[in-house]
Amino acid sequence: MSLAAMSLAVALVVILGLCASPTAAVAADKGSAGGDFLAPSRSVLLPEPATLRWDEQPAPGGEARGVLTVPLDPSDADSPSLELEVRMKLSRIQPAPLGPLLMP
């Protein structure tokens, strides 16, 4: 697999990870250490700023453009990062009922 293809694969995994259901993150935090701590969940509408930055705040049903930061070589912790321009069409219903859908 070429380095460019591997970086693209990592970018897709990051995007899909950002689209994970917020209720799953809350459920995982609820039982940890016996507490009721609810960490803020991340999603495409509220991404981790170091990983994904939107040019404008995305809105349900709209189109969003931004920059996704991924490591050039995900197996090397000291690898430089790439900044990839991304564009996304959001479902009118958030969170999307079928989860994230990747389309060519």
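Throughout, read-outs are computed from the coordinates displayed, never taken from laboratory work. Bear in mind the structure is a predicted one, so any value in this text is a computation, not a measurement. Methodologically, a virtual Cβ is constructed for each residue, glycine included, from the backbone with ideal geometry; neighbour enumeration extends over all protein chains shown.
By count of other Cβ within 10 Å, fewest leading, how are Leu46, Leu98, Leu68 ordered? Mind showing how you got there, number by number?
Details: Leu46 14, Leu98 8, Leu68 20.
The fewest-first ordering by Cβ neighbours comes to Leu98, Leu46, Leu68.
Using 0.36 nm times the number of residues separating Leu90 and Gln57, minus their current alpha carbon distance, what extension gain do you get? The partial results should precede the final answer.
Numbers: separation 33, 0.36 × 33 = 11.88 nm, distance 1.17 nm.
Length difference between fully extended and current span is 10.7 nm.
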